[in-house]
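Quick note: the coordinates plus some simple rules give every number you see, no bench work behind them. Not measured: the values here are computed from a predicted model. Virtual Cβ from ideal backbone geometry, glycine too; neighbours counted across all protein chains shown.
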Amino acid sequence: MRPATDESHLDDSSWTPYGPLLQPEARRPDIARTIEAEARLRQKNQVTLPEAIVRALDAAVDDTIVFEADPAEPGVARLHLVPRDFAGSMTGVYGTSEDVLAFVRGERAAWGE
């Protein structure tokens, strides 16, 4: 049985066993259809992304992909490609790694006071 949803951009015809599909206006315009592909979870929690998904994400070697699981939707996970422009864009903003570590240690020490 399909779980109820209150998301306005979804309708009953968009439901699949893998979860709701976005309506056409919310999809990438350069992809003509919804992409579904299967992958098996291997030892050490490894997954190889199917080629169709890699192409749909426009992913490349060494890209960062974030997996998101919401406890309100058991058995459903979404993945997001981190834009390449974001990688390393905040380096040094909060000082060096040592500066950040010293700050965190100081904060944790203050908890005990």
TODO: Provide a single number: the residues in the stretch 62-101 that are assigned to a helix (DSSP H, G or I) and polar (S, T, N, Q).
DONE: 1
Open item on the list: Give me the residue from the stretch 29-61 that is part of a loop (DSSP other than H, G, I, E, B) and among the polar types (S, T, N, Q) and, out of that set, farthest from Leu81 (Cα to Cα).
Closed with: Thr34
Open item on the list: Of all residues being within 14 Å of the chain's Cα centre (by Cα) and among the acidic types (Asp, Glu) in the stretch 68-113, which is farthest from Leu49 (Cα to Cα)? Just the residue, please.
Closed with: Asp70
- [ ] Look through the stretch 55-113, keep the residues that are farther than 30 Å from Ile35 by Cα and of a type in the set (Phe, Trp, Tyr), and return whichever of them is surrounded by the most Cβ atoms within 10 Å (Cβ to Cβ).
- [x] Phe103
